[in-house]
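Data first, discussion second: the structure below is written as structure tokens.
The values are calculated or read from the model by the stated rules, or taken from the named source; none is laboratory data. The structure presented is a predicted model; accordingly, all values stated were derived computationally and were not measured. Reconstructed Cβ throughout: ideal geometry from the backbone, glycine too, with neighbour counts over all protein chains shown.
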2 protein chains.
Amino acid sequence: MDKEIIKLISEAGSVAIFPHVNADGDAIGSSLALGMALRNSGKKVWVYMEEDIPTVYKFLPGGELAGFYDESADTADLNIALDTGDVGRLGSRGEGFFMAPCTINIDHHITNTKFAHLNHVNAVSASTGEITYLLLKKLEMEINADIATCLYTAIATDTGGFQYQNTTAETHKIIAELLSTGINVGEISQRIYDNTTYEKLKLTAKSIELLELHENSKLAVVALSLEDIFSTGAKEEDCDGLVNIGRSIESVEVSALIKEKSNTEIRVNLRSKNYVDVSEVAAIFDGGGHKRAAGCTIIGTIEEAKKKIIEAIKERL
Amino acid sequence: MDKEIIKLISEAGSVAIFPHVNADGDAIGSSLALGMALRNSGKKVWVYMEEDIPTVYKFLPGGELAGFYDESADTADLNIALDTGDVGRLGSRGEGFFMAPCTINIDHHITNTKFAHLNHVNAVSASTGEITYLLLKKLEMEINADIATCLYTAIATDTGGFQYQNTTAETHKIIAELLSTGINVGEISQRIYDNTTYEKLKLTAKSIELLELHENSKLAVVALSLEDIFSTGAKEEDCDGLVNIGRSIESVEVSALIKEKSNTEIRVNLRSKNYVDVSEVAAIFDGGGHKRAAGCTIIGTIEEAKKKIIEAIKERL
């Protein structure tokens, strides 16, 4: 970690934290953890979200720091983007982010464009949560149970529950430290994982029904129209994680979830297991992410998007 | 760990290891890990299974130690039961287990009946894998990558991927040590979790379709007939883990999977989240297990078994 980053954060009187749009467990967990630690050390802190905190993460401590950014928002001494690969991922807050006299970008996405004054990008790290943990250690700030709950959630969600290849001995050492604060793993896990609704299960069943295997069963594709989603009684956010259904099949290398957002806008989530770099596939459609988990938005119908994605993946299998 | 146990194992020239019937990841992983470590230290070792190693665990190193016990089997100096709560869980190997001059019982089930000469039961431990790790440390035996792979699998599977409440800082410290041997987490996780078949997914969809919510959605029940299972093209072993579908629903405290084994024999798997002790429910039907995960076999039709189980759980909700 850059000494200048530590110095800047230590000296700032006020800090605003910017997680990426459609914030996931890592973005929200890291932001609230950093926010609480900075507040506990006497700083004025805001966490500027693009959207409301998703229902699943509302249990996280520190939610009171979160709010929406608008033009009347106070300008902080220092703006920190967390888990944000590029300015596009700041959404409508892009301009606001650069209003502060100094900006820092802390992330683990290999595609990070280093858009801030100071950038700490560690693509080897499994999660921004781990980087945030090390940052708090360097800052010599106390990690209490509330902060540990947020960091645990950040790390657990971005490592797929410690299953992905990016999970290291260091990851587990950090988790052991976090558990030492007395947090309740069973309870947190239930909040993160056992929060399904009957409707979401119906959506899972629907996705299995629609699942197609291509290319000798190495590619799994689920294309969900808005009608498919709503016919089960599920909400759009219930689609999170559905891409893992295809991934769970033994023969599958790449799993694609193709989801209608509107008549003309299709969101694509991609996961791979061993050799296909899905961040390359996403990049074709101006998306981004990691080698094994990436996403993009395609303008067109769901059928067109499906065809394009299958073509792009085919070449890499 | 009892010093006498360490001494007995150290001094034995030959050791036979007995995991429980229907061996799961913890039973098989712990048995193969202990088996390889003892073999590497020059002992003659057998792992006596009741059934073949399930397909999902065939990737584990040390499988060549595994075999079936019969009357012509060699008698070892020492027989060790691993992860086995009572003699019934040794199945047809019950008599053979007591043929050795000395027997040891190493387990973490709270219902353990301490049936051997020497018994080490640690009900606080999340898995027998953790106890086996500590045993190997006490024995000062090297934990190489093969042994680490088996122990990782044992611990990961019995903690529900480190999600269950029994997962401690110690669990993660042990996992960090195991990862330091250079094992490939991504690969092992894929073997354990991403080994689904298209048919198993169809069975998952079928189970969601059949899922019933009772008692204000606090109890989830899935009753699967043999016809339900086979109509999807799935195998009986594909039912493993289906009990977690009901458990994943936010409102659910107890999830029951009721599975027809034959016209008259019904297997029941139970999971709870916070306050229902399902080992008590299982005990009513001569079953056993842990507070949060237990099982039993009921003689009768699937409808009768369902009725009995719902009645028994109702009282505890």
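One table, with the values for the structure above:
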| read-out | value |
| --- | --- |
| Long-range neighbours under 7 Å by Cβ, at least six apart or interchain, first residue under 13 Å from residue A:306 (Cβ atoms) within segment A:254-266, second assigned to a loop (DSSP other than H, G, I, E, B) | A:257/A:242; A:260/A:225; A:266/A:300 |
| Any hit, segment B:190-212, residues being of a type in the set (D, E, K, R), touching a residue at least 60 places away in the same chain (Cβ under 8 Å) and closer than 30 Å to residue B:310 by Cβ | no |
| Matching residues, segment B:38-48, being touching a strand residue (DSSP E or B) at 6+ places or on another chain (Cβ under 9 Å) and in contact (Cβ under 8 Å) with a residue 60 or more places away in the chain | B:38 |
| Scan of segment A:238-259 for residues that are in contact with a strand residue (DSSP E or B) (Cβ under 6 Å, 6 or more places away or on another chain) and more than 11 Å from every other protein chain (Cβ to nearest Cβ), ordered by number | A:239, A:242, A:243, A:254, A:256, A:257, A:258, A:259 |
| Near pairs, Cβ below 6 angstrom, 6+ apart or cross-chain, from segment B:267-283 (assigned by TED's automatic domain parsing to the domain that holds residue B:248) to any residue that is assigned to a strand (DSSP E or B) and of a type in the set (Ser, Thr, Tyr) | B:267/B:297; B:271/B:255; B:278/B:272 |
| Selection count where residues are among the charged types (D, E, K, R) and buried (at least 20 other Cβ atoms within 10 Å of the Cβ), scope segment A:281-311 | 2 |
| Candidate set: segment A:204-216, residues that are among the charged types (D, E, K, R) and more than 10 Å from chain B (Cβ to nearest Cβ); chosen: the one nearest to the chain's Cα centre (by Cα) | A:212 |
| Entirely in segment A:130-203, the helices (runs of 4 or more DSSP H) that have 1 or more residues that are more than 10 Å from chain B (Cβ to nearest Cβ) | A:145-158 |
| Every residue from segment A:158-196 that is surrounded by fewer than 22 Cβ atoms within 10 Å (Cβ to Cβ), hydroxyl-bearing (Ser, Thr, Tyr) and under 18 Å from the mean Cα position of the chain (by Cα) | A:164, A:193 |
| Number of the condition not met by residue B:232 [criteria: (1) out of contact with any strand residue (DSSP E or B) (no Cβ under 8 Å at 6 or more places or on another chain); (2) more than 18 Å from residue B:159 (Cα to Cα); (3) away from chain A (no Cβ under 14 Å)] | (3) |
| Sole residue being outside the structural domain of residue A:52 (by TED's automatic domain parsing), among the hydroxyl-bearing types (Ser, Thr, Tyr), under 28 Å from residue A:86 (Cβ atoms) and at pLDDT 95 or above, chosen from A:207, A:217, A:262, A:255 | A:255 |
| Qualifying residue in segment A:123-131 (condition: farther than 18 Å from residue A:28 by Cα and either touching a strand residue (DSSP E or B) at 6+ places or on another chain (Cβ under 9 Å) or at pLDDT 95 or above (or both)) | yes |
| Condition met for residue A:55 (surrounded by fewer than 16 Cβ atoms within 10 Å (Cβ to Cβ) and either modelled with pLDDT of 95 or more or within 27 Å of residue A:289 (Cα to Cα) (or both)) | yes |
| Residue match in segment A:301-311 (condition: of a type in the set (S, T, N, Q) and over 25 Å from residue A:126 (Cβ atoms)) | yes |
| Residue in segment A:111-123 that is assigned to a helix (DSSP H, G or I), out of contact with any Pro (no Cβ under 8 Å at 6 or more places or on another chain) and of a type in the set (D, E, K, R) present | no |
| Extreme residue, nearest to residue A:65 (Cα to Cα), among residues of segment A:3-53 that are in a helix (DSSP H, G or I) and among the acidic types (Asp, Glu) | A:26 |
